[in-house]
Amino acid sequence: MIDFNEMIDNHLKKENRPKGTGRYYPSEIGMCLRKVWYSYKFPMEIKPDLLKIFEVGNIMHDFVVEVLKSEKNPHVQLLKSEFPFRQDIDDFTISGRIDNLLLVKASGKEILVEVKSTTDISFVREAAPHNVVQLQLYMHALGVHNGILLYIDKKNLQSKVFDVPYKKEEAEKIIERFRELHKGIVSDTIPEPEARSSSKTLWMCRYCEYKDKCYTETPASNKWP
Ligand code: SF4
């Protein structure tokens with residue numbers, strides 16, 4: 001018999017290459033800074049289940065591209081679906097391919113669309129702050145100052161769209177986050193357990209592969225639940 005689960009795992013398996021100090025990925029800065037720091041100091045292989053979830057995101061992205069390209073939707077034109085990214089800042093570089101970003105033209109305007117797949121669209125009531133952070137960086141670096149976050153439900157293709165107005169000062173704060181990350185990595189100083197600082201971000205810890213390490217380093221307390 002064919003074990004298709006195993007075949008998917010084989011297909012998605014990736015070589016685990018350690019990340020180099022001084023080169024950071026644009027797609028990771030919305031995450032908990034401590035988690036990103038751990039990923040440089042203690043690289044871990046991504047578990048097969050998580051790789052499958054990421055792949056569903058890629059499949060959804062391809063579907064959104066298809067919809068935008070469709071001649072049945074002539075009012076929106078897809079201009080670009082691949083974005084190599086590079087920004088040199090101080091003594092480090094932010095670079096990498098941005099996977100979930102599209103550039104479209106609608107109502108005479110160029111708009112950056114960041115696609116996010118979700119498990120239940122009914123819980124999505126506003127653009128998630130960590131997604132907004134990401135999009136601010138892209139709008140800033142790519143010089144396109146109109147942005148949209150498009151959430152799409154994996155189980156029924158229902159979607160919601162949120163405008164994200166470009167704010168230069170927000171984009172600059174994100175660059176500052178990269179500086180903080182770089183400083184922490186170079187000086188071997190662990191950042192605070194950021195995701196545990198607010199009930200709005202605590203959910204990130206559920207999916208964090210460094211959770212045990214993090215709680216050993218900073219045990220649960222009133223300040224850091
Ligand atoms: S457990 Fe939470 S606070 Fe700690 S590193 Fe992971 S995401 Fe960050």
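The values are calculated or read from the model by the stated rules, or taken from the named source; none is laboratory data. The structure displayed is predicted, hence computed values, not measured ones. Don't worry about glycine lacking a Cβ; one is built from the backbone with ideal geometry, like all the others, and counts go over all protein chains shown.
Quick look at the numbers
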{"quantity": "Pair list, Cβ < 6 Å and 6+ apart or interchain, from segment 123-144 residues that are closer than 20 Å to SER159 by Cβ to residues that are modelled with pLDDT under 90", "calculated": "HIS130/GLY30; GLN134/GLY30"}
{"quantity": "Near pairs, Cβ below 6 angstrom, 6+ apart or cross-chain, from segment 197-214 (in contact (Cβ under 8 Å) with a residue 12 or more places away in the chain and of a type in the set (A, V, I, L, M)) to any residue that is assigned to a helix (DSSP H, G or I) and within 8 Å of the ligand (Cβ to nearest atom)", "calculated": "MET204/ALA195"}
{"quantity": "Selection count where residues are under 18 Å from the mean Cα position of the chain (by Cα) and touching a residue at least 24 places away in the same chain (Cβ under 8 Å), scope segment 77-119", "calculated": "21"}
{"quantity": "Test: residue in segment 162-179 that is surrounded by fewer than 13 Cβ atoms within 10 Å (Cβ to Cβ), part of a strand (DSSP E or B) and away from the ligand (no atom under 16 Å from the Cβ)", "calculated": "yes"}
{"quantity": "Test: residue in segment 120-132 that is of a type in the set (D, E, K, R), surrounded by fewer than 18 Cβ atoms within 10 Å (Cβ to Cβ), in contact with an Asp or Glu (Cβ under 7 Å, 6 or more places away or on another chain) and not in a strand (DSSP E or B)", "calculated": "yes"}
{"quantity": "Tally, over segment 51-106, of residues that are charged (D, E, K, R), assigned to a strand (DSSP E or B) and at positive phi", "calculated": "0"}
